[in-house]
Amino acid sequence: MNIESLRGYRMVQKANLLRANNLYPFFRSIGDSEGTVVQVDGQDQIMIGSNNYLGLTHHPHVIESAIKAVEKFGTGCTGSRFLNGNLAIHEELEERLANYIGHEKALVFSTGMQTNLGSLSAVCGPKDCMLFDSENHASLIDASRLALGPTFKYKHNNMESLEQVLAENVNRFKNVWIVTDGVFSMTGELALLPEIVELAEKYGAHVYNDDAHGIGVMGTQGRGTMTHFGIVNRVELNMGTFSKSFASIGGVISGSADMIDYIKHTARSFMFSASMAPSAVATVTACLDVIETDPTLHDRLWANVDMMRRGFKEIGFYTYNSQTPIIPIFIGDEMKALTVTNFLKENGVFATPVLPPAVPQGEALIRTSYMASHSTTELTKVLEVMEKAKKEFDIPATIH
Ligand SMILES: Cc1ncc(COP(=O)(O)O)c(C=O)c1O
């Protein structure tokens, strides 16, 4: 086959160009990891590019629980929950998660992506439609391709635009789902969820919240963006992942008992894919143990986030409207973002750039994010390196 004839070939060309110029920032091979510090090319780097917000991937209780689960249940379930892969620990975890999130029932999937693919395509039939924030995550976009009903976009976090698409479509479809990220993964910005549920109630629509970056982080004990805003019972379906704060892999959808039972019997990515491995289930359960018993965990996370937000402001970076542990740094020019990323790497800091088409042309950024387990010494070093970068590359203080 002629690879060059394929639609995405220009991505390979771009990768080759960046590799040739020693600026390729992706697929970095990590040789060793302590969570906040990783080894790349034999060099220690402070990790500020991960989603390990609570730093629980290396917590002793979490590691011990995962090992014990492997010893007791083996390394995999070798089948779908529907048939032979349904362990009692999957169901126990679901009960704990429902309690934690505040919904009646929860259902765990093997990844967050599968949670979105399966749940949205199950609830959006040919007579239904979805209204999407224009900056929704790729897994939601792919879910919209699987769903039988159409999707209409509204302008990012713009309630006038949402109301307009609601008014245009509410009488044309049986069920209208408003679908949004709770925390936007590139900018760390929160969705305007209270306004969204209000509009949903006004027009008789339903709300689906992707809280991949909110669960574990936002609201009391990290119960999520719905709890942060005090609107748990006004969001019909809430999705979370375990690939970030929950130190593992997997996803969860929660809602009413009827709705979750419906998804359990109709979501194809749930029914026709093997269940979460026992070690992953035990990891998430152990993370809940830590979250529920360590009152300092979230204090440490937010102290680190505040230190970095303040530090970046003093240096003079533009950090968007981030209200979460994700703090993006606006760079602008794509080549400059790559060069700055390389500079950070050479100075012992691991961060990743976000480039067009993931962001608009001329709005390249470096996405940074912080963990409860980062030490003040590590974060002070990051600020020093960032300050040097600001001077050396003349990084702008505003977006325009
Ligand atoms: C907003 C959002 N939704 C869904 C996902 C998919 O989650 P997972 O990594 O568990 O498949 C991600 C992860 O990148 C995400 O950022």
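Brief remarks follow.
- Scope the range 185-202; condition more than 16 Å from the ligand (Cβ to nearest atom) and among the acidic types (Asp, Glu); matching residues: Glu195, Glu198, Glu201
- Of the residues in the range 249-262, at least one is farther than 25 Å from Cys124 by Cβ, touching a Gly at 6+ places or on another chain (Cβ under 9 Å), part of a loop (DSSP other than H, G, I, E, B) and not assigned by TED's automatic domain parsing to the domain that holds Asp299.
- Residue satisfying condition, being open to solvent by 90 Å² or more (accessible area, probe 1.4 Å) and part of a loop (DSSP other than H, G, I, E, B), within set Arg28, Arg7, Arg19: Arg7
- The sole residue among Asn321, Asn304 that is within 20 Å of the chain's Cα centre (by Cα) and at pLDDT below 95 is Asn321.
- Options Thr180, Thr187; residue that is closer than 22 Å to Ser373 by Cα and of a type in the set (S, T, N, Q): Thr187
- Residue match in the range 142-150 (condition: surrounded by fewer than 18 Cβ atoms within 10 Å (Cβ to Cβ), more than 16 Å from the ligand (Cβ to nearest atom) and over 30 Å from Thr352 (Cβ atoms)): yes
- Selection of first residues in the range 97-119 that are touching a residue at least 40 places away in the same chain (Cβ under 8 Å) and over 15 Å from Gly216 (Cβ atoms) and of second residues that are in a loop (DSSP other than H, G, I, E, B) and charged (D, E, K, R), restricted to Cβ pairs under 8 Å at least 6 apart or on distinct chains, gives the following pairs, ordered by first then second residue: Ala98/Glu104.
- Annotation: of all residues in the range 250-307 being among the aromatic types (Phe, Trp, Tyr) and open to solvent by 20 Å² or more (accessible area, probe 1.4 Å), the one that is nearest to His103 (Cα to Cα) is Tyr262.
- Those residues of the range 165-184 which are surrounded by 15 or more Cβ atoms within 10 Å (Cβ to Cβ), more than 18 Å from Leu237 (Cβ to Cβ) and away from the ligand (no atom under 16 Å from the Cβ), in sequence order: Val165, Asn169, Val170
- On the stretch given as the range 185-218, residues that are part of a loop (DSSP other than H, G, I, E, B) and either modelled with pLDDT under 95 or buried (at least 22 other Cβ atoms within 10 Å of the Cβ) (or both) total 14.
Every residue, every condition in (1) among the charged types (D, E, K, R); (2) within 12 Å of Ala282 (Cβ to Cβ); (3) crowded, with 20+ Cβ neighbours inside 10 Å; (4) away from the ligand (no atom under 16 Å from the Cβ), yes or no:
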site: Lys72; (1), (2), (3), (4): yes, yes, no, yes
site: Gly79; (1), (2), (3), (4): no, no, no, yes
site: Asn86; (1), (2), (3), (4): no, no, no, yes
site: Glu95; (1), (2), (3), (4): yes, no, no, yes
site: Asn99; (1), (2), (3), (4): no, no, no, yes
site: His103; (1), (2), (3), (4): no, no, yes, yes
site: Val108; (1), (2), (3), (4): no, no, yes, no
site: Gly118; (1), (2), (3), (4): no, no, yes, no
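- Residue that is nearest to Ser256 (Cα to Cα) [pool: residues in the range 62-100 that are hydroxyl-bearing (Ser, Thr, Tyr) and in a helix (DSSP H, G or I)]: Tyr100
- Within the range 121-152, being farther than 22 Å from Asn171 by Cα and more than 18 Å from the chain's Cα centre (by Cα) holds for Arg145, Leu146.
- Some residue of the range 276-297 being under 16 Å from Ser119 (Cα atoms) and more than 16 Å from the ligand (Cβ to nearest atom): no
- Filter pass, Ala122 being more than 10 Å from the ligand (Cβ to nearest atom), open to solvent by less than 40 Å² (accessible area, probe 1.4 Å), hydrophobic (A, V, I, L, M, F, W, C) and within 18 Å of Gly214 (Cα to Cα): no
For every residue, the table says whether it meets (1) among the hydroxyl-bearing types (Ser, Thr, Tyr); (2) away from the ligand (no atom under 11 Å from the Cβ); (3) closer than 24 Å to Thr296 by Cβ; (4) touching a residue at least 60 places away in the same chain (Cβ under 8 Å).
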{"site": "Asp211", "(1), (2), (3), (4)": "no, no, yes, no"}
{"site": "Gly216", "(1), (2), (3), (4)": "no, yes, yes, yes"}
{"site": "Arg223", "(1), (2), (3), (4)": "no, yes, yes, yes"}
{"site": "Thr227", "(1), (2), (3), (4)": "yes, yes, yes, yes"}
{"site": "Ile231", "(1), (2), (3), (4)": "no, yes, no, no"}
{"site": "Glu236", "(1), (2), (3), (4)": "no, yes, no, no"}
{"site": "Phe242", "(1), (2), (3), (4)": "no, no, yes, yes"}
{"site": "Ala247", "(1), (2), (3), (4)": "no, yes, yes, yes"}
{"site": "Val252", "(1), (2), (3), (4)": "no, no, no, yes"}
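- As a summary of the residue check, Thr187 satisfies the conditions (1) in contact with a Pro (Cβ under 7 Å, 6 or more places away or on another chain); (2) at positive phi except for the one numbered (2).
- Condition met for His137 (away from the ligand (no atom under 16 Å from the Cβ), open to solvent by 10 Å² or more (accessible area, probe 1.4 Å) and assigned by TED's automatic domain parsing to the domain that holds Ser275): no
The values are calculated or read from the model by the stated rules, or taken from the named source; none is laboratory data. Computed from a predicted structure; not experimentally measured. Note that we place each Cβ from the backbone using ideal geometry, even for glycine, and neighbour counts take in every protein chain shown. Protein only, heavy atoms only, side chains kept; ligands, DNA and RNA dropped before computing areas. Shrake-Rupley method; radii C 1.70, N 1.55, O 1.52, S 1.80 Å.
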